[in-house]
2 protein chains.
Amino acid sequence: MGILVVGSVALDSIKTPFGDKADVLGGSATYFSIAASYFTDVSMVAVIGEDFPEKHLTLLQRKGIDISGLQLQKGKTFRWKGEYGSDLNSRTTLETQLNLFADFSPKLADSHRTHKYLFLGNIDPDLQRSVLEQMERPRLVACDTMNYWIENKRDALLRTLSLVDLLVINDAETRQLANEPNLIRAARSILDLGPKALVIKRGEYGALMFSPKSVFGVTAFPVEDVVDPTGAGDSFAGGLMGYLANVGTCDNAALRKAVVYGSVMASFNVTDFGPQQLSDMTFTEIEARYREFCKLASFDNISEKSAEGKAFLL
Amino acid sequence: MGILVVGSVALDSIKTPFGDKADVLGGSATYFSIAASYFTDVSMVAVIGEDFPEKHLTLLQRKGIDISGLQLQKGKTFRWKGEYGSDLNSRTTLETQLNLFADFSPKLADSHRTHKYLFLGNIDPDLQRSVLEQMERPRLVACDTMNYWIENKRDALLRTLSLVDLLVINDAETRQLANEPNLIRAARSILDLGPKALVIKRGEYGALMFSPKSVFGVTAFPVEDVVDPTGAGDSFAGGLMGYLANVGTCDNAALRKAVVYGSVMASFNVTDFGPQQLSDMTFTEIEARYREFCKLASFDNISEKSAEGKAFLL
């Protein structure tokens, strides 16, 4: 039940109130793959240049990720430089060098065409669709997008959305895509565009999932030491898809747990620069945080099933 | 197990993208009392002027609220005029006329000194403390505050906080009070100031509750037709305290449910101007929305207990 992910692999330079780091391993496919690797087999399709450090490849291989689809080309790797404000919620992009990523045109190897789970990272919606067309129809297709494509390639994006099962975006993108300030109405109208479910990432506030007959909401795991939010959304998507591929079902119950596993992976990811912490987890720690999430979010019948109900005020 | 609430009663003029309304019944004590009235007996202490319309008194009495502590004085009622932006998240205060509220100095009647539950609405922290000192020690004391008091009467506020059990404020106030941008660290340091639990209201994102040994988080109920967010925080507090007074326990299990009942009341309140919708509920509708909240927030073992688990994607 392996996952194929198509997206960016980047070298990030990140500044937060906690320090600077240059040439950190980054990109949507990277964060997604590392997060998903704890749950299932992952193959990544992306492009890198001659400047890409060997140690980053070693890390991806150490996580058991299939990097045969990582095309090494003549030129430079995609580079992003950004700075976070003091509360880590606001981010300023200081520099974007698309480099080889500007002409990225994913060609799938035969071995990648039959993956049952596909995640289309945030790339040109025409490329997303070309990847999907190269595959035997996967069991589940999820995708991400961003304000740039919503503004500049809306028609292409709508064609792609008509073919995906699950759209995973943030609240600003949800409102922009639907052209509707009310998030709930926006979500309903996006479900009319094709996706069978919409997962809305709300950063420190948590996540919402809409499907035609169900709404699910969960708060984010409260993290005391947020160091670098880069990649939180992609590690969320990686945990979500990884869990779904692992359990092999896509019903509403599995999707809800998948959203929580996504939140778990994002909560680990933000506690160090780049994907450093995310790469150093054990499945036992992931499971333990999932159980903490259950405690964090439960309120009905709590007194009957846990010590959390114990009196503490009076 | 009645609640005493001290706060403002106001005449609000509200402009939202959905219309204008002048001289709407408002104020923290109003929203709190109406929300709490579905759960328990409520007595309000506040000041009104000669301009206060009889119909507003009639509404409060119709909800069974004890308004014997509503002091009618010579002069004008507190007036607030505000406008909401298109997404209803940003609010601009156009005018504040404190009027009689400027010299409000609550004197409790004997019948109000023995209430077991006390909610100190957002007023001068010295007045909050003077109210508490007039009472026999209640079983549970909760309070609200705002940026103005945090900035300008910090020492008085800290003295008040050392005496309360439950602080109910929003995230900006939490960060400001603790002087700490990380919400979780801010919450922990506020618990050192006296309150045994801190409930953080996050508007459309939900609520978090911190106590020394437990964290609870819940998303807001997704409301499709938000018309006027005025009073959401106070109706949240009213539902929360009303539920606690109703069940007569203050353990962690009760507090978590109370936060959800608070969210239920806030979700009803925002669907019409002023407290109009909030005044027109039935307890059956409140209970039904609480059950919807349980469905909205559940993810563990869901397939075993509800139809929500049914496959819908594949």
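Quick notes
- Residues located in segment B:140-149, provided they are open to solvent by 20 Å² or more (accessible area, probe 1.4 Å) and in contact with a strand residue (DSSP E or B) (Cβ under 9 Å, 6 or more places away or on another chain): B:Met146
- Consider segment B:83-139 and keep the residues that are among the basic types (Lys, Arg) and over 20 Å from the mean Cα position of the chain (by Cα). The one that is surrounded by the most Cβ atoms within 10 Å (Cβ to Cβ) is B:Arg113.
- Consider segment B:142-167 and keep the residues that are touching a Phe, Trp or Tyr at 6+ places or on another chain (Cβ under 8 Å) and among the aliphatic types (A, V, I, L, M). The one that is farthest from the other protein chains (Cβ to nearest Cβ) is B:Ala156.
- When segment B:12-29 is limited to residues that are assigned to a loop (DSSP other than H, G, I, E, B) and more than 19 Å from the chain's Cα centre (by Cα), the one that is surrounded by the most Cβ atoms within 10 Å (Cβ to Cβ) turns out to be B:Phe18.
- First in segment A:278-302 and at the interface with another protein chain (Cβ under 9 Å from one of its Cβ atoms) and within 15 Å of A:Gly242 (Cα to Cα), second anywhere and part of a loop (DSSP other than H, G, I, E, B) and of a type in the set (Asp, Glu), Cβ under 6 Å, 6 or more apart: none
- For segment B:284-294, the count of residues that are surrounded by fewer than 18 Cβ atoms within 10 Å (Cβ to Cβ), out of contact with any Pro (no Cβ under 6 Å at 6 or more places or on another chain), modelled with pLDDT of 95 or more and of a type in the set (Lys, Arg) is at least one.
- Residue match in segment A:289-306 (condition: of a type in the set (Phe, Trp, Tyr) and under 12 Å from A:Phe39 (Cα atoms)): no
- Residue in segment B:197-222 that is most open to solvent (accessible area, probe 1.4 Å), counting only those that are more than 7 Å from chain A (Cβ to nearest Cβ) and modelled with pLDDT under 95: B:Pro212
- For segment A:189-234, the set of residues classified as among the aromatic types (Phe, Trp, Tyr), without any contact (Cβ under 8 Å) to a residue 40 or more places away in the chain and farther than 22 Å from A:Leu163 by Cβ consists of A:Tyr205 only.
- Residues in segment A:185-196 that are open to solvent by less than 20 Å² (accessible area, probe 1.4 Å), within 11 Å of another protein chain (Cβ to nearest Cβ) and not small (Gly, Ala, Ser): A:Pro195 only.
- Looking across segment B:233-281, the residues that are assigned to a helix (DSSP H, G or I), under 14 Å from B:Ile34 (Cβ atoms) and of a type in the set (S, T, N, Q) come down to B:Ser235, B:Asn269, B:Ser279.
- Positions within segment A:49-86 being of a type in the set (Phe, Trp, Tyr) and part of a loop (DSSP other than H, G, I, E, B), in sequence order: A:Phe52
- Every residue from segment A:150-167 that is farther than 27 Å from B:Glu204 by Cα, of a type outside the set (S, T, N, Q), assigned to a helix (DSSP H, G or I) and open to solvent by 40 Å² or more (accessible area, probe 1.4 Å): A:Arg154, A:Asp155, A:Leu158, A:Arg159
- Test: residue in segment A:30-48 that is modelled with pLDDT under 95, in a loop (DSSP other than H, G, I, E, B) and among the hydroxyl-bearing types (Ser, Thr, Tyr): no
- Hits in segment A:234-250 - residues which are under 18 Å from A:Ala207 (Cα atoms) and in contact with a Phe, Trp or Tyr (Cβ under 8 Å, 6 or more places away or on another chain): A:Asp234, A:Ser235, A:Ala237, A:Gly238, A:Gly239, A:Leu240, A:Met241, A:Gly242, A:Tyr243, A:Leu244
- Criterion applied to B:Asn179, B:Asn170 was being in contact (Cβ under 8 Å) with a residue 60 or more places away in the chain and either more than 12 Å from every other protein chain (Cβ to nearest Cβ) or open to solvent by 30 Å² or more (accessible area, probe 1.4 Å) (or both), and the one residue passing it is B:Asn170.
- Failed item, numbered, when B:Leu100 is tested on (1) in contact (Cβ under 8 Å) with a residue 12 or more places away in the chain; (2) under 24 Å from B:Asp280 (Cα atoms): (2)
- Residue check, A:Thr40 β-branched (Val, Ile, Thr) and either open to solvent by 10 Å² or more (accessible area, probe 1.4 Å) or more than 18 Å from A:Gly239 (Cα to Cα) (or both): yes
The values are calculated or read from the model by the stated rules, or taken from the named source; none is laboratory data. Note that the structure is predicted; figures quoted are calculated from it, not measured. Ideal geometry is used to build each Cβ from the backbone, glycine not excepted, and the neighbour counts take in all protein chains shown. For accessibility, only protein heavy atoms count, side chains too; no ligands or nucleic acids. Shrake-Rupley method; radii C 1.70, N 1.55, O 1.52, S 1.80 Å.
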